[in-house]
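The structure appears below as structure tokens.
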Amino acid sequence: SPALVRQSMLKAIENIHLPEGYQAVWVGEQELQGDALHNIFRYLPISIMLIILTLILLFNDFRKPLIVIFCIPMAFVGIVPGMILAGQPFTFMSIIGSFGLMGMIVKNAIVLIDEAETLIKTGVEKYHALINATISRTRPVLLASFTTILGMIPLLTDPMYASMAVAIISGLLVGTLITLIFVPILYAAFYG
């Protein structure tokens, strides 16, 4: 991949002695990636605030959005080891994949919480509603994650998209399983 090629020759190029008044500047893909990352991270706080506002409006509560937001780091528990094991650099494409992955983890948490709330509204005791919601939503959540993982497998051999595929696959594998455990625990802690 271009990131690996640049990394392999970075020290040699930076050690080139330039005459007085001259400088070397990285352009091309590296420059475009830096600009793109700057623009993405500039609007990231606004995006996060819109997600939180949408969750507050969806649940009409502050604790449930907190449970969902606390699940986002669970995705990164899988990304880091996956990138290391696959030998992939954390490139612009893997950052984009990580943002998409965060959305998938949020969706999984919302599905679990919504099912628990639906059961509680029908009169099921909270403890049993939480257990039944987790059991009934495990298969749909796992199948949705599995189909996304299967869709990413062909990208593993592509030099440009391999790091994104690894980030999504490893993040979903670990993040989904942790979310299925973490959401009920947080819900039980927040709502007694």
From the set of residues in the range 153-182 that are open to solvent by less than 10 Å² (accessible area, probe 1.4 Å) and at pLDDT below 90, which is nearest to F99 (Cα to Cα)?
G175
Checking L57 against (1) outside any helix (DSSP H, G or I); (2) loosely packed, with under 12 Cβ neighbours inside 10 Å, only one condition comes out false. Which one?
(1)
Taking the stated definitions as given, is L32 more than 28 Å from M152 (Cβ to Cβ), part of a helix (DSSP H, G or I), without any contact (Cβ under 8 Å) to a residue 40 or more places away in the chain and not hydroxyl-bearing (S, T, Y)?
no
Tell me, yes or no, whether the range 70-81 has at least one residue that is closer than 30 Å to T118 by Cα and over 17 Å from the mean Cα position of the chain (by Cα).
no
Consider the range 153-192. How many of its residues are touching a Leu at 6+ places or on another chain (Cβ under 9 Å) and of a type in the set (S, T, N, Q)?
3
Could you please tell me which pairs satisfy a Cβ distance under 7 Å, a separation of 6+ or placement on different chains, a first residue in the range 116-134 that is within 16 Å of V183 (Cβ to Cβ) and touching a residue at least 12 places away in the same chain (Cβ under 8 Å), and a second residue that is aromatic (F, W, Y) and buried (at least 19 other Cβ atoms within 10 Å of the Cβ)?
A116/Y187; L130/Y187
Restrict the check to the range 61-71 and report whether at least one residue is in contact (Cβ under 8 Å) with a residue 40 or more places away in the chain, open to solvent by less than 30 Å² (accessible area, probe 1.4 Å) and either in a loop (DSSP other than H, G, I, E, B) or more than 21 Å from L172 (Cβ to Cβ) (or both).
yes
Tell me the residue from L101, L119, L85 that is more than 16 Å from S170 (Cβ to Cβ) and either surrounded by 14 or more Cβ atoms within 10 Å (Cβ to Cβ) or modelled with pLDDT of 90 or more (or both), please.
L119
Quick one: which of I48, I13, I110, I40 is free of Cβ contacts under 8 Å to residues at least 12 places away in the same chain, part of a helix (DSSP H, G or I) and open to solvent by less than 70 Å² (accessible area, probe 1.4 Å)?
I13
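The values are calculated or read from the model by the stated rules, or taken from the named source; none is laboratory data. Since the structure is predicted, the reported quantities are computational estimates derived from the model, not experimental observations. All Cβ positions, glycine included, derive from the backbone under ideal geometry; neighbour counts span all protein chains shown. Only protein heavy atoms, including side chains, enter the accessible area calculation; ligands, DNA and RNA are left aside. Shrake-Rupley method; radii C 1.70, N 1.55, O 1.52, S 1.80 Å.
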